[in-house]
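Engineer: Questions regarding the structure given below will be posed in turn.
The values are calculated or read from the model by the stated rules, or taken from the named source; none is laboratory data. If you're wondering where the values come from, they're calculated on a predicted model, not measured in any experiment. Neighbour counts run over all protein chains shown; Cβ positions are idealised from the backbone, glycine included. The accessibility values were calculated without ligands, DNA or RNA, using every heavy atom of the protein model including side chains. Shrake-Rupley method; radii C 1.70, N 1.55, O 1.52, S 1.80 Å.
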Amino acid sequence: MVNKPLFIIAIVLIAVRQLSASSATEIIISIPDQTLAVVDSGKLIARYRVSTSKFGNGDDVGSYQTPLGTLFVSGKFGDHLLAGTVIKNRAPTGEIIAVDAPNRDAIVSRVIWLRGMERQNLAAHDRCIYIHGTPEERRVGRAASFGCVRMRSRDVIALYDRVHIGMHVTISEKAIDELLPREKPTLLSCAD
C-alpha cells in the first residue's frame, strides 16, 4: 500500500523541480563570504551581504545552524509591509522596529520560507529556515543568526520582489566567486 502523505510530497517535489527547471533564476548563498547572489540565465543580477548562523552549518533540529545544499522557495510573506515591520509566525504584528534598535532581534520586513530538496537539508522547512529582514543590520556581513539567512530590510524587500515560489536556493561553503557562473567572452570583449 502506498503511503499517501509521502506520495503527495513526492509529487509536489517533482512538480516544483519541473517548474523551477523551466526558470533560470536562482539564488546562491556563500557562507564564507556572507553573500547572496541572484543569477538569471547565467548572469549576475544582484548581490547582497547576509548573515548566516553563528552556530555553523547543518540541519539538525535544535541546532540553530544554517542548512547547506539545494533548497527552494516554498512561501513568501510580507507583501507591501513597511521596512522594519515585525513578522511573527509569518504574520505582521503591527510593530515597526528601527534599524539597529537596542536589544531587538526580530524577523522584520519580509519572509522567504525555504524547503530542502536533499537529505542534508530536509528539516529546513519544519525548522522555519527563512531568508528575512533583521533590525540588527550592523551584524549583516558576519555569521550572527540562529539558522536563517538575515538581510538588511531594503535588501530583503528588493530580493522579495525578484523571488518566486519554486525558485532554487543554493547554500554553500564555497566562495561566491567559485559559485557564480563565469562570464562568457563576446566579440566585443575580444578586441585586439
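Engineer: Taking amide H atoms as placed 1.01 Å from N in the peptide plane, list the residues 5 or more away in sequence, or in a different chain, whose amide H sits under 5 Å from that of Lys76.
Structural biologist: Hits under the 5 Å cutoff: Trp113.
Engineer: While we're looking at this one, here's another question. Scan around Val108 for amide H atoms under 5 Å from its own, H built in the peptide plane at 1.01 Å from N, and keep only partners 5 or more places away or cross-chain.
Structural biologist: It is Ile87, Gly133, Thr134, by chain and number.
Engineer: Further question on the same structure: Taking a probe of 1.4 Å, how large is the accessible area per residue of the range 53-192, in Å²?
Structural biologist: For the range 53-192, the per-residue accessible area is 54 Å².
Engineer: Which percent of the accessible area of the range 17-101 is formed by carbon and sulfur heavy atoms (probe 1.4 angstrom)?
Structural biologist: 51 percent
Engineer: Could you grab the relative contact order for the range 28-94? Cα pairs under 8 Å, six or more apart, rounded to a whole percent.
Structural biologist: 15 percent
Engineer: Roughly how many nanometres apart are two label points built 7 Å out from the Cα toward the Cβ at Ala175 and Ile96?
Structural biologist: 4.2 nm
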